[in-house]
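Read the structure below first, then the notes.
The values are calculated or read from the model by the stated rules, or taken from the named source; none is laboratory data. Keep in mind that what you see is a predicted model, and the values were worked out from it rather than measured. Counting neighbours? That spans all protein chains shown, and the Cβs are built from the backbone with ideal geometry, glycine included. Heads up: the accessible areas ignore ligands, DNA and RNA and are worked out on the full protein's heavy atoms, side chains in. Shrake-Rupley method; radii C 1.70, N 1.55, O 1.52, S 1.80 Å.
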Amino acid sequence: MNELIQEVFHQITDEPWMFMVEIVQFLLLILIIRLLLPRIVGTTLNERRKYITAEVEKADQADVAYAKTQQQAAALVTAARAEAQRTIEAARIAAQDKRRAGLEEVEQEANAILLQAKQAIETEQGRVASEASEQLITLITLVIHRFIEESLTEGERRAVTQKLILASLDEMDGTASR
């Protein structure tokens, strides 16, 4: 390394003007690079910097928009779930109401059928009682008629018949006056 340094000093001392020219060239080169390079490359770099800054801002805005969209989507999903729950509950209530209404309707129909059956039973009982009464009266009448024919004479029959007619008329009068 010493040799190299001695060689450089040797050349500087042998040709000092040449060394001065090289220093001036070096300084001119630095000046040119310092003045022209920023103008040539600087505008491109500035444009590139502006482009990168604009793209970063767009990315930031996209991130913000994405976050807002996610929040809106989450809010919409929450609202949709709540609405679905309300709809399900309303449908459940409507179904229960329809079920109750159907049960009430069936119960009313069953009550109507029971009432009709009771009325039919009462009517049938009345008819059967009436028929039984008529048959009993007919039977009693036949038995009495035979008894009277066999045991009473014609005169006695007339006297009993008159008494029965008078008793029936008195009974009818008593029933009519009540």
Which of the residues spanning the range 10-44 are open to solvent by 90 Å² or more (accessible area, probe 1.4 Å), modelled with pLDDT under 80 and either in contact with an Asp or Glu (Cβ under 6 Å, 6 or more places away or on another chain) or not β-branched (V, I, T) (or both)? Q11, R39
Which is more than 36 Å from the chain's Cα centre (by Cα) and open to solvent by less than 80 Å² (accessible area, probe 1.4 Å), of A94, A120, A80, A112? A120
Reported set for the range 127-138 where residues are open to solvent by 100 Å² or more (accessible area, probe 1.4 Å) and of a type outside the set (K, R) is E134, Q135, I137
